[in-house]
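Note sheet for the following structure.
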Amino acid sequence: MRGVKDIKAIVADIDGTLTDMKRLISLEAVRELRQMPVPVVLASGNVICFVRAAAKLLGASDMMIGENGGVVLAGFDAKAIVLADIEQPRLARDLLRRQFPALEPLDETYRKSELAFRRTIDVDAARRIVAENFPELEIVDTQFALHLKHKSVNKATGMRKIAEIMGIGAEDFAAMGDSANDLPMLKAAGLALAVGNAAPELKAAADYVSKASYGEGAAECFAWLRQQL
């Protein structure tokens, strides 16, 4: 755990952290986010154009992370920086479609580093197919979607790239999340925060766990951190 007063920015997951499972944003979390004295970087498994819109509307930083760390944006009008090649996920998708003809993609047109699908297939079977044929890839279930991505890229990768652009280190970040795809980010950050609904492994890795869940828990984390800063 880094000294709290050394924290220079915070990276926060969106779905399940700032929102509930219906993706309804917490206004309390937004109020607390806007009072933070350090930049708040949004991170999501969603496409970067969604993250950009969310950052603008919520009043977050113009630095942001999309596609589980596969894409970062340094400025609202900047060109996206892509950190992983999407060709392998596309080949794996074609293979999965033979086994799962009803495989339903999400936002495929806008994805640059990974692919996402609705949670309507046998995830364990899909993971076995990917592991046997594309060992460099993995399927991550965020409870909102299935993400077919490179193992070498995650939200920590995106956070490190943003830190490099900002001229600070990953250890200068506080990171907040709720699900397994947030764990690398929390482990790489100098301070780890988890909302009350977070997965057990996130709570175990966290320096602070909110009593409240979802957005109300995020508001609690923001308020706690702000008081420490």
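The criterion of at least 3 residues that are basic (Lys, Arg) is met by none of the strands (runs of 3 or more DSSP E) falling completely within the stretch 1-98. For first residues located in the stretch 200-229 and assigned to a loop (DSSP other than H, G, I, E, B), partners that are aromatic (Phe, Trp, Tyr) and surrounded by fewer than 21 Cβ atoms within 10 Å (Cβ to Cβ) and lie 6+ apart or on another chain with Cβ distances below 9 Å form the pairs Ser210/Trp224.
Scanning the stretch 123-133 for residues that are open to solvent by less than 80 Å² (accessible area, probe 1.4 Å) and either free of Cβ contacts under 8 Å to residues at least 24 places away in the same chain or within 18 Å of Gln88 (Cα to Cα) (or both) gives Val123, Ala126, Ile129, Val130, Ala131.
Among the residues of the stretch 104-118, which ones are free of Cβ contacts under 8 Å to residues at least 40 places away in the same chain, under 21 Å from Val153 (Cβ atoms) and surrounded by fewer than 17 Cβ atoms within 10 Å (Cβ to Cβ)? Give the derivation first.
Our first condition is that a residue be free of Cβ contacts under 8 Å to residues at least 40 places away in the same chain; within the stretch 104-118, this holds for 104-106, 108-109, 115, 117-118.
If we keep only those that are under 21 Å from Val153 (Cβ atoms) as well, we get 105-106, 108-109, 115, 117.
Hits for the stretch 104-118 are Pro105, Glu108, Thr109.
For the stretch 171-229, filtered to residues that are polar (S, T, N, Q) and under 16 Å from the mean Cα position of the chain (by Cα), the residue that is surrounded by the most Cβ atoms within 10 Å (Cβ to Cβ) is Asn181. Taken together, the criteria exclude Lys149 from residues that are open to solvent by 40 Å² or more (accessible area, probe 1.4 Å), outside any loop (DSSP other than H, G, I, E, B), under 21 Å from Val71 (Cβ atoms) and at pLDDT 95 or above.
The values are calculated or read from the model by the stated rules, or taken from the named source; none is laboratory data. All values reported here derive from a predicted model rather than from experimental measurement. For neighbour counting, all protein chains shown are included, and Cβ atoms are generated from backbone atoms with ideal geometry for every residue, glycine included. Accessible surface is based on the protein model in full, side chains and every heavy atom, while ligands, DNA and RNA are left aside. Shrake-Rupley method; radii C 1.70, N 1.55, O 1.52, S 1.80 Å.
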